Amino acid sequence: IDSVGSVVTEITPKAEKILPDSDPKKQYEFAISFIKVGDYETAELALREFVDDNSKHELAGNAQYWYGETFRIRQLYSDAATAYLDGYQNYPKSKKAPDNLLKLGITMVQLGEKDQGCTMITGIKKQYPKASKSVLQKAQYEQKKFKCAKS
């Protein structure tokens, strides 16, 4: 039996850079612009690149949230849940942290994990009492819609 001389390992080429060579705020706006025009695949790539390159920037938490939205809009719920969870865990003080937790809860219910999802949805008010009124109202609405037990 002839032995194989070399083992070929597949190296996934890193995707070409999408973001412009500019400051993070401009890059963020550029990435978000794809969502505004409904190009969610490109938005996904641009937002992923933004978060990877600017993980410590104040807009990273927002970018992570919108990254999750690119999946939710396309009904890729498990990818969305992963992205929202990353946003919630990595950017707990971000402006979008309450939104991440809310969307994570909703997505968990959609994935059939009602108890877990409801725990997240009902926990928003406790964890983020200063969240925007719209997020708190949406959490209350979703709690009723999914018939979550009162916490």
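Please state the shape class of region 74-123: rounded when a/c is under 1.5, otherwise prolate if a/b exceeds b/c and oblate if not, all from the C-alpha gyration tensor. Kindly include the intermediate steps, with their values, before the conclusion.
Values: a/c = 2.29, a/b = 1.30, b/c = 1.76.
Judged from the Cα gyration tensor, region 74-123 comes out oblate (a/c at least 1.5, b/c at or above a/b).
(1) 53, 29, 27; (2) 43, 31, 27; (3) 67, 48, 27: which one is Cα extents along the principal axes in Å as calculated from this entry? Looking at Cα extents along the principal axes in Å for this model, the match is (3).
Evaluated with a Cβ-only charge set (Lys, Arg +1; Asp, Glu -1), the chain carries a dipole of roughly 1400 debye about its Cα centre, given to the nearest 20. Counting lysine pairs in region 11-72 whose alpha carbons fall under 22 angstrom apart, excluding pairs fewer than 8 residues apart on the same chain, gives 9.
Quick one: pull the percent of accessible area on region 9-126 belonging to carbon and sulfur, 1.4 Å probe, ligands and nucleic acids left out. Walk me through the numbers before you get to the answer.
Values: 3420 of 6660 Å².
Answer for region 9-126 is 51 percent, counting heavy atoms of protein chains only.
By the rule of a C-alpha distance below 23 Å, with chain neighbours fewer than 8 residues away ignored, the lysines paired with LYS126 are LYS93, LYS95, LYS96, LYS103, LYS114, LYS138, LYS144, LYS145, LYS147, LYS150.
Between exposed trypsin sites (Lys or Arg not before Pro) in the chain, where DSSP calls loop and at most 13 other Cβ atoms lie within 10 Å, what's the longest gap?
Details: sites that count: LYS14, LYS17, LYS56, ARG74, LYS93, LYS130, LYS147, LYS150.
The segment 18-55 is the longest one with no such site.
Loop-located chymotrypsin sites (Phe, Trp or Tyr not before Pro) in region 55-144 (DSSP state other than H, G, I, E, B) with a sparse environment of at most 10 neighbouring Cβ atoms within 10 Å are absent. In the chain, a dipole from Cβ-located charges (positive for Lys and Arg, negative for Asp and Glu) runs towards its positive end, and of GLN137, ALA97, LEU47 it is GLN137 whose Cα lies farthest in that direction.
The values are calculated or read from the model by the stated rules, or taken from the named source; none is laboratory data. In this text, all values refer to a predicted model and were calculated from it rather than measured experimentally. Please note: Cβ atoms are built from the backbone with ideal geometry, for glycine as well, and neighbour counts cover all protein chains shown. Ligands, DNA and RNA are stripped out before the accessible areas are found, and what is left, the full protein with its side chains, is counted by its heavy atoms. Shrake-Rupley method; radii C 1.70, N 1.55, O 1.52, S 1.80 Å.
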